[in-house]
Amino acid sequence: MRGSAAVGWLAAIAVVGGLMARAGAGSPNSSPAEVVLSVTGKVPKPLSLDAEGFARLPRQTVRTAGHDGKEAVFEGVALHDVLRVAGLSLTADELRGPALEYYLVVEAADGYRAVFALPELSPAFTDRVVLLADRRDGKPLEGNEGHLRMIVPGEKRHGRWVRQVVRLKVGRD
Ligand SMILES: Nc1nc2c(c(=O)[nH]1)N[C@H]1C(S)=C(S)[C@@H](COP(=O)(O)O)O[C@H]1N2
Ligand SMILES: [Mo]
């Protein structure tokens, strides 16, 4: 009885420790870390990430021209890598048949939204890397771009370069 109670406490401490580590709560004085991105909707593992959690995802760079016409190097996380952490795999094996009915809504803090079909984000379908960027030319994004913005290379217009991204929602009709 005593033994199992002790094990229970250890498990509880481990869980709380894990949660605090994930929230980035280092000292008793620090407030809970701010969620910068949530992934919701029809994904196996909905998730919320703070800036630290986002920074731990695999990173890539994309060189392309922004709306101002200037080439820049954008750094961040490929959309398919974010979705994989939420349990949604866009590999050739997974993204076939009924999986092709799903879409992604990228939502911004100002209410702006844009839709992507999953094959647009899948390395199995396209070499174009759609990025959720947090840096341009080595510096954090600034001004009205928010913490995260969409980088969608190769489009003639920049309407889907959503600024201030706060939520990715996977849906299906
Ligand atoms: N959150 C948010 N993102 C947005 C918009 C918006 O109104 N809100 N406008 C879009 C449009 S229509 C364009 S052309 C580009 C402009 O990008 P820029 O801010 O780098 O010039 O942002 C896109 N992203
Ligand atoms: Mo636009």
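Tell me, yes or no, whether the range 86-94 has at least one residue that is more than 15 Å from ligand 1 (Cβ to nearest atom) and among the acidic types (Asp, Glu).
Yes - at least one qualifying residue is present in the range 86-94.
Consider the range 42-79. How many of its residues are in contact with a strand residue (DSSP E or B) (Cβ under 7 Å, 6 or more places away or on another chain), more than 15 Å from ligand 1 (Cβ to nearest atom) and not in a strand (DSSP E or B)?
Of the residues in the range 42-79, 9 are in contact with a strand residue (DSSP E or B) (Cβ under 7 Å, 6 or more places away or on another chain), more than 15 Å from ligand 1 (Cβ to nearest atom) and not in a strand (DSSP E or B).
Out of curiosity, is ASP173 open to solvent by 20 Å² or more (accessible area, probe 1.4 Å), farther than 16 Å from LEU104 by Cβ and either within 16 Å of ligand 2 (Cβ to nearest atom) or acidic (Asp, Glu) (or both)?
Considered against the rule, which asks whether it is open to solvent by 20 Å² or more (accessible area, probe 1.4 Å), farther than 16 Å from LEU104 by Cβ and either within 16 Å of ligand 2 (Cβ to nearest atom) or acidic (Asp, Glu) (or both), ASP173 comes out as no.
Can you list residue pairs whose Cβ atoms sit under 9 Å apart, with the first residue in the range 34-52 being in contact (Cβ under 8 Å) with a residue 24 or more places away in the chain and the second being assigned to a helix (DSSP H, G or I) and open to solvent by 90 Å² or more (accessible area, probe 1.4 Å)? Count only pairs 6 or more apart in sequence or on different chains.
What qualifies is ASP50/ARG22; GLU52/ARG22.
What number of residues in the range 128-146 are touching an Asp or Glu at 6+ places or on another chain (Cβ under 7 Å) and either in a loop (DSSP other than H, G, I, E, B) or open to solvent by 50 Å² or more (accessible area, probe 1.4 Å) (or both)?
Number of matching residues: 4.
Could you please find all residues in the range 85-110 being surrounded by 13 or more Cβ atoms within 10 Å (Cβ to Cβ) and within 16 Å of ligand 2 (Cβ to nearest atom)?
VAL106, ALA108
If I go through the range 132-173 residue by residue, how many of them are more than 9 Å from ligand 1 (Cβ to nearest atom), without any contact (Cβ under 8 Å) to a residue 40 or more places away in the chain and among the acidic types (Asp, Glu)?
Matching residues across the range 132-173 total 2.
Between ARG113, ARG160, ARG149, which is within 16 Å of ligand 2 (Cβ to nearest atom) and buried (at least 19 other Cβ atoms within 10 Å of the Cβ)?
Values: ARG113 fails: buried (at least 19 other Cβ atoms within 10 Å of the Cβ); ARG160 fails: buried (at least 19 other Cβ atoms within 10 Å of the Cβ).
Selected residue: ARG149, the only one of ARG113, ARG160, ARG149 that is within 16 Å of ligand 2 (Cβ to nearest atom) and buried (at least 19 other Cβ atoms within 10 Å of the Cβ).
The values are calculated or read from the model by the stated rules, or taken from the named source; none is laboratory data. Predicted model, so just to flag it, every value in this text is computed and none were measured. Ideal geometry is used to build each Cβ from the backbone, glycine not excepted, and the neighbour counts take in all protein chains shown. Side chains are part of the model used for accessible areas, which takes the heavy atoms of the whole protein and leaves out ligands, DNA and RNA. Shrake-Rupley method; radii C 1.70, N 1.55, O 1.52, S 1.80 Å.
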